[in-house]
Every structure is written in structure tokens, then in C-alpha cells.
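Chemist: One structure, pasted below without further comment.
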Amino acid sequence: MTIKAVAGTDEDDKPSFFGGVAGLNNGTIEDVRNGRDINLNIEGGSLVGGIAGQNNENGKFVGKLVNEGAISGLSGVGGILGSNLNQSLLVGKEDALLVVTNKGDVTATEGGAAGIFYQNSGEIKFAVLTNTGSVSGKESEDSATNSTGGLFGVNAGDISDATLINSGTVAGGANTGGLIGTNSGNVSKSSLINTVGAYVTGGENTGGLIGLNSGTIAGGRIEGMDDLLYYGHQIYNNGAVEGALNVGGLIGQNKGSLTAAYNTGSVVSDLENGVGGIVGLNTGKIDQVFNTVLLQDADGETGSIQGKGNVGGVVGVNQGELSNAYNSTTVKGATNVGNLVGYNQGTVEDVFATNETGVMFGQSANNARVAGAYSYSQDDRNSDTVHYIAPDKTSAIDSYASFDFGDKWKIYEGLSTPMLRVFLTQTKVSDIDDVVYNAQEHDFENHVTAGDQLAAYNNANKLLNNIKNTNAGDYAVSSQQIAIGTDGSHNNLGYDIDLSYTINKAQLNVTLDEISRVYGSLAFDTTKAEEGENSIRFETDRNGYGLVVSVGSDLTDKMKDEIEKGLTSKFESDGSLTGASTGRITQDVGQDYVWTAGVDLGSLAQNYEFAGGSSQIKAQGKAAVTPAKLFVNVNDADVIYGRDK
């Protein structure tokens, strides 16, 4: 369908408000699903929607709002609405969420565009808003229609108890965001998500979530299983972001507040100013954020934060406040390149960067304030404001003297670097009975209850370290902050867990055969040691001298195989022999004698031990000497009476 209008005669007479169903809606439109391609060629016009150009205060939609068609216009184009003024249009119910979806391609040829509504001033609550289509806008001289977003071009409505998701491609001019181009609404108890595979590209002020923000945005934890907290109000970007000036993984330019959010997508700019893993230009407040790029290119190489000037792992240019933040990703640029901040003109507190080369701050203004900044790079060794941490101290809590490890941070002493606690899922651990080595893997997952029911761990098994083990030893379970899942997802967040356990060595007992020989004889009889289902028979290097090794626990097939291959037994002595080769070769009858064998575990000592904890023993068995039987034969003799012979 094509709708055409004639341009107005002056600047105040431009045509606007065009829709596939209505230009202005003051009534009720039921069960709206647009599956048609709509081409709205409005010369000089603005605020164009697939359903309506503008929905006024009394305009209502009943049922689901879905656009599956291609929508095109000049400027201010929305997949469903050009503009919404109804304060409750996007308010669903707690037990019946409102679902609004754009699956089509939305294009503005001379201004901004958005997948759902171009302009929205109404509240967004109990709603799920999704864009899977392609949204394309252009630079515009008209500030009212110069923003492009996957869901909204311009949003002034507060967002609560809602989920906003973009998985499509968003391309625009100034103020371009994966979800919202320009935002002044506050976001609470909600999730803002730009997924893996999404791509955002724009001009000045381009962000994976929001291009230009002046609202208050806060993620956070919610109660899950057994009232344990997990990061349920999620603010993150997984997609690739590319822009001109002020380019951020989450927000291009932040004038408001951002709390509890992270980025795993690559961020790139070809221009000189303001590129950051979280925010390009910050004049507001940022707290509890991290940047860990996991996104890989076609060659399997992990992405980076890259620009020409004022490039930072977290913030490109900071003129506001940044606290409780870290970066673990490579940062590339030409001038003012910082592992944390490219150019710092504001306040930075309690931060660290894991980069081993480069400086934490590319440049700092004279009025900049830094407190509690920690770097793993030797290039920061001589800094007056940054504390260098040597490689062997990065997992020590004392290395981060200013950090609040009670509320904001978590570290597994000796096992991890600091992690932000708000992203970690709480756990509780049940008692663990004695565990003995059995050559099989012990999995302690069934002792852990987690707020997310261990969903992240089940998708990314490497997320928890030492939760499974085979070898004997003392172990402490630790977690990573985030890991890629088996399904390729980035958002497998770690755990706040307190679990230690011991896998005890298997106890081995040795019983030697009993031997018995006749006094004066080297030959002997053997009574073999008794064998059971948890025992293995061995022969020493001396024929006839054998022994049995038994395990104090169940003997598994793997244990039997490795014991047979690894244990050595060697004859050492027989106490019933004198050692002489001729003459009196045996000891006397009537004494208790023993024979001795040396038994050595070798490399098996990692998981096995003899009584007392030893890995080598001299075992003894009975060696009896029995009396020799003497036989006397008397010859017959004939004697003549009276003679002595």
C-alpha cells in the first residue's frame, strides 16, 4: 500500500501523522496485526506508523500489537506508531503481560525510525517489547525526528516491570540505539537487552542500548529459588556497535544515571572522540558496570574496544562520575587510549583493569579525581593515581584496599580477581559427607541451591571452578563473573558460593601370603592371603612369595586397573632362612619368623595411601620352620651263641 501527501506551503505547515489504519487515532483499534508492506511517501512529512501516525491521549489498542510488514516513510517512522501520547497504552497486567513485536523492516529515508513507536511519552509497564526486524534511519536537521532505535526513536516514558529486546539490525544517524535513540525516561525493575547477532551502527551518540540518555537506568537482582537473589533486571549488550562520535557498548552519551549493567559486544569508531565499552561520553553517573567483550568475528577472534582518540575500556570521555567498574578487554586507538577511561575529566573511584599493557587513563585533566584505581599493567607502575598490582597478587583481597567487599565486590581469595556482586547469583550449600577417591569424577552440584536453579552453570560448565573433581585433595569452589554458554549465549553470570570439600585418599591394606618350610629345606609351601571383592593379588619378583592389596572402600574397575599398573611389590627378605647356601640353611624350629616385601605406590600416592599416610611400606608375612622328620632303619643281624660277632 502506498499513501502520498502534498508538502505544506511553509515551515509550520508540514504534513504529519500518517498510518496504515489511521493518521490520528482517538478511538479503539482491536487486534492489530499488520502483515502488509506499507510505503508511506510523505513529502516533507513526519510521524509515520504502520498502524497509525499518532495515537492520542484517548486512543486505545486492544489485543496484541504486531507488525510483520515493511514500513517506509520519510522521517519519524515507527513500525506500529509514529507517536504515542496515551500514557497507559503500553501498560499491561502483572499476570497478563502486554506483548508488542516488530518483525518487519522499518525505513526512514530522511530522518529517524523505530521498530515499535517512533515517539513515546507514555508509561511502559508489564510489557515485553521486541524488535527482530531491520530498522534504518538517516541524519535529520529536525531534532524531533533525528533519533533511531530498535524499539523507540524518542522515549520520555518511564519503564518498569518490562523487558525490551532487540535482535535485529539498527542503522541511523545521530542518536542511534539498539533499543532507544533518545531516552529521558527512567528504567527500573526492567531488562534492556541487545542480543548476540544484533548490529547497531550510527553517527554521533550511538549505543548498543541507547544513543542519548538523560534518564535513570538501574538493573539489579531479584529473588529466585529459595529466596536467593540473582541478576534478574538485566541491562546488557551482546551485539556489535559501530558509530562516529560518542560510541558506547551500552550508551553513546550519558547525561543521566546508569547502574548495574555490562557489555560483551565489540565497539568500533573511525573518528576521534569518545569510544567506550560502556559509555562513549559520560557527564552523568555510572556505577557497578563491567566490560568483557566475548563477541567473536568470522575468524574466531574476540573483539575489542577500538577507535582513534579518547578510547576507554569502560568510558571514552568521562566528565561525570564513574565508580565500581572494571574492564577486561583489549583497547585500541591512536591517542588518549586508556584501559579504563580514554580521557578523564571527572571522578573515578574503586575501579580496576586487567590489561597487562597500556595505561589505565589515556589522559587526565588537572581537575580529575581518582581514588582506588588498580591496574595489572606495568605501564602504570609509576602512576601517581593508579596502584599497580603484580601478577601474583591479583587474586589477593589486600591488593584492593579501597574496595567494598561486603556489598559491592566479591573475590575468591587466591582463586579469582574481583567481581561485582550484583551480577552474581546467591547460593546455599548442603552438608557434604566424607568423600573417598574412587577414580571417578565427584560432582558436588547436587549440594548447591542457586537463585537461578543453576541455569547459567548448566549452560556454561566452566563457570564454576572445582565443582567437579576426581583426584584426592582439598578444594574450594570459585566462580567466574561471566562465560559463554554451550548455546553461544554471553549472559551466563557467575555465583556467590561458599563451598569447600576434601576428597580423601583411598586407604590400601597389604596382606602377605604365609609360607612354611621344613627345617633344612629351601622348598616351602604357601597359604595364599585371602582375597575379597575389594582386593587385588600381586606376585613379588621372587617365585612363590605373593600378597593381596585390599581397598578400604569400594574397588571400582578404574581403581583396579590403575593399581595393577602402578603398584610395585618386591621381595626383600625371608627371616626363616640363615642366608647360608650350604650347611645350616634354615633357622631353628620353634621361633616366629617373617618374610618381608617392599610395596611402593609410586605415582599412585596422589590418590592412595597405606595406613599412617605413607606411600611405601615394608609388609611382613609369616614364615614358619617346621621340624624335619627323621626315619631310622635297623638292619637284621644273625649272631652265633657264644660269639660277639
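Chemist: Of V275, T586, A260, whose Cα points farthest to the positive end of the dipole of the chain (charges on the beta-carbon: +1 Lys, Arg; -1 Asp, Glu; origin at the Cα centre)?
Modeler: Ranked along the dipole, the leading option is V275.
Chemist: Here's another thing I want to ask about it. What is the Cα radius of gyration of segment 412-518 over 2.2 N^0.38 Å, N being its residue count?
Modeler: 1.49
Chemist: Using a Förster radius of 25 Å, what is the FRET efficiency between D498 and E356 based on their Cβ-Cβ separation? Nearest 0.05, please.
Modeler: E between D498 and E356, to the nearest 0.05, is 0.25.
Chemist: Determine the sum of side-chain charges near A390: Lys and Arg each +1, Asp and Glu each -1, restricted to other residues whose C-beta is under 15 angstrom from that of A390.
Modeler: Result for the local shell: -3.
Chemist: Rounded to two decimals, what ratio of Rg to Rh does segment 145-280 give with C-alpha atoms and a Kirkwood Rh?
Modeler: 0.98
Chemist: Percent of Cα-Cα pairs more than 22 Å apart in segment 275-373, please.
Modeler: For segment 275-373, the fraction of Cα-Cα distances above 22 Å is 19 percent.
Chemist: Same structure again: On the protein heavy atoms, probe 1.4 angstrom, tell me the percent of accessible surface of the chain carried by carbon and sulfur.
Modeler: 43 percent
Chemist: Once you've got the Cα coordinates, tell me which of K308/K410; K408/K428; K60/K93; K528/K622; K462/K565 are over 23 Å apart. The partial results should precede the final answer.
Modeler: Details: K308/K410 34 Å; K408/K428 19 Å; K60/K93 15 Å; K528/K622 11 Å; K462/K565 32 Å.
Correct reply: K308/K410; K462/K565.
Chemist: Additional query: How are the alpha carbon pair distances in the chain distributed across 20 Å bins from zero to the largest one, expressed in percent?
Modeler: Result returned by the calculation: 18, 34, 21, 13, 8, 4, 2, 1, 0.
Chemist: Additional query: For the pair T556/N509, report the inter-label distance in nm, with labels modelled 7 Å from Cα in the Cβ direction.
Modeler: Placing both labels 7 Å beyond Cα along the Cβ direction yields 2.2 nm.
Chemist: Counting Lys and Arg as +1 and Asp and Glu as -1, what is the net charge of the other residues whose Cβ lies under 14 Å from the Cβ of Q616? Mind dumping the intermediate values first?
Modeler: Details: positive: K570, K618; negative: E572, D600, E609.
Combined, the nearby Lys, Arg, Asp and Glu give -1.
Chemist: Find the Rg to Rh ratio for segment 215-304, where Rh is the Kirkwood radius over alpha-carbon pairs and Rg uses the same atoms.
Modeler: In segment 215-304, Rg relative to Rh is 1.05.
Chemist: Just to be sure I understand the model, the point goes 7 Å from the Cα along the line to the Cβ. What's the resulting S521 to N635 distance in nm?
Modeler: Distance between the two pseudo-spin positions: 2.8 nm.
Chemist: Using a 10 angstrom Cβ neighbour count of at most 15 plus a DSSP loop assignment to flag exposed GluC sites (Glu not before Pro), which longest range of the chain is free of such sites?
Modeler: 142-300
Chemist: Using a probe radius of 1.4 Å on heavy atoms only, what accessible surface per residue do you get for the chain? Whole Å² is fine. Each step should come with its number before you reach the end.
Modeler: Working: 28260 Å² over 645 residues.
Roughly 44 Å² per residue, with all protein chains present.
Chemist: Over the Cα atoms, compute the radius of gyration (one decimal) and Dmax (the largest Cα-Cα distance, rounded to a whole number) for segment 518-635, in Å.
Modeler: 18.2, 70
Chemist: Filter K255/K393; K560/K618; K125/K285; K189/K393 down to the pairs with a C-alpha to C-alpha distance above 32 Å, please.
Modeler: K255/K393; K189/K393
Chemist: While we're looking at this one, here's another question. Once you put a point 7 Å from the Cα of K468 and another 7 Å from the Cα of Q453, both along the Cβ direction, what distance in nm separates them?
Modeler: Each label point lies 7 Å from its Cα, and together they span 2.1 nm.
Chemist: Which one, T329, I251, T526, is farthest towards the positive end of the dipole of the chain when Lys and Arg carry +1 and Asp and Glu -1 on their Cβ?
Modeler: T329
Chemist: What's the local net charge at L555, with K and R +1, D and E -1, over the other residues with C-beta under 14 Å away?
Modeler: Around L555, the surrounding residues sum to -4.
Chemist: Mind checking the angle between helix 557-566 and the chain's longest principal axis? C-alpha axes, 0 to 90 degrees, to the nearest 10.
Modeler: Roughly 60 degrees, rounded to the nearest 10.
Chemist: Under the Karplus relation 6.51 cos²θ - 1.76 cosθ + 1.60, θ = phi - 60°, what is the ordered set of whole-Hz ³J(HN,Hα) values for segment 524-541, x standing for Gly and Pro?
Modeler: 8, 9, 10, 9, 5, 4, 5, 9, x, 6, 10, 10, 9, 8, 10, 10, 7, 7
Chemist: Starting from the Cα of K103, draw a straight line to each of the lysines and keep only those under 19 Å, dropping any in the same chain fewer than 8 residues away.
Modeler: K64
Chemist: Multiplying the sequence separation of T486 and E223 by 0.36 nm and subtracting their Cα-Cα distance, what value in nm do you get?
Modeler: Contour length minus the Cα-Cα distance gives 92.1 nm.
The values are calculated or read from the model by the stated rules, or taken from the named source; none is laboratory data. Please read all numbers here as calculations on a predicted model, not as lab measurements. Neighbour counts run over all protein chains shown; Cβ positions are idealised from the backbone, glycine included. These area figures cover heavy atoms from the full protein model, side chains too; ligands, DNA and RNA do not enter into them. Shrake-Rupley method; radii C 1.70, N 1.55, O 1.52, S 1.80 Å.
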